[in-house]
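**Student:** Dumping the structure here so I can ask a few things about it.
The values are calculated or read from the model by the stated rules, or taken from the named source; none is laboratory data. The shown structure was predicted, so the numbers you read here are calculated from the model rather than taken from an experiment. Cβ atoms come from the backbone with ideal geometry, glycine included; neighbour counts cover every protein chain shown.
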Amino acid sequence: MIRSDQLAPVEGGQPGIPEPGAVWIVAELEAVRHDPTKEFLCGTELIGPEQRLWSAASVRVTRSTPSCPLDLSVGQPVRFESIFMVPARYVDQLSGIALRDDSTAARTPVIRPSF
């Protein structure tokens, strides 16, 4: 995961700026769809202090790494990024990314960050 005060567009131009007092957290992830009968969703949430959660932000900047594709082929790894806008005061307290899967009652896996 990377912390940034602005998001650089792939082809130049104006960077994406977070709201005042916030920063961007960019997580680059890789996913593989294993089951062709099961819908593949890239539901990611950033976990902060006291189980606080942030959903991926909608950004108006074209990035070199895309967000999660909806048409993920079975067995083919795909790299994507999830971008979160987080109040700067919580950045040092982030604990991971939850990979939501509402199709099961199993515990939600969490990826631990490396800053």
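Residue by residue, here is whether (1) in contact with a Phe, Trp or Tyr (Cβ under 8 Å, 6 or more places away or on another chain); (2) within 17 Å of ILE97 (Cα to Cα) holds:
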site: VAL23; (1), (2): no, yes
site: ASP35; (1), (2): no, no
site: PRO49; (1), (2): yes, yes
site: ARG52; (1), (2): yes, yes
site: SER55; (1), (2): yes, yes
site: VAL61; (1), (2): no, no
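**Student:** If you check every pair at least six apart or on different chains, which have Cβ atoms under 6 Å apart with a residue in region 80-102 that is more than 20 Å from SER58 (Cβ to Cβ) first and a residue that is β-branched (Val, Ile, Thr) and exposed (fewer than 15 other Cβ atoms within 10 Å of the Cβ) second?
**Tutor:** So the pair list comes out as GLY96/VAL110; GLY96/ILE111.
**Student:** Wholly within region 1-92, which strands (runs of 3 or more DSSP E) include no fewer than the required count, namely at least 2 residues that are aromatic (Phe, Trp, Tyr)?
**Tutor:** On the way: elements: 2-4, 22-31, 43-47, 53-55, 78-87.
Passing ranges, in order: 78-87.
**Student:** Please pick out the residue among GLN6, GLN51, GLN14 that is without any contact (Cβ under 8 Å) to a residue 60 or more places away in the chain and on the phi > 0 side of the Ramachandran plot. Outline the logic, then answer.
**Tutor:** Working: GLN6 fails: on the phi > 0 side of the Ramachandran plot; GLN14 fails: on the phi > 0 side of the Ramachandran plot.
Unique residue meeting the criteria: GLN51.
**Student:** Then there is this: Is it true that LEU99 is surrounded by 13 or more Cβ atoms within 10 Å (Cβ to Cβ), at pLDDT below 85 and part of a strand (DSSP E or B)?
**Tutor:** Numbers: surrounded by 13 or more Cβ atoms within 10 Å (Cβ to Cβ): yes; at pLDDT below 85: yes; part of a strand (DSSP E or B): yes.
Here the answer is yes, as LEU99 does meet what is asked.
**Student:** Within region 1-54, work out how many residues are modelled with pLDDT under 80, more than 17 Å from THR65 (Cα to Cα) and among the hydrophobic types (A, V, I, L, M, F, W, C).
**Tutor:** 2
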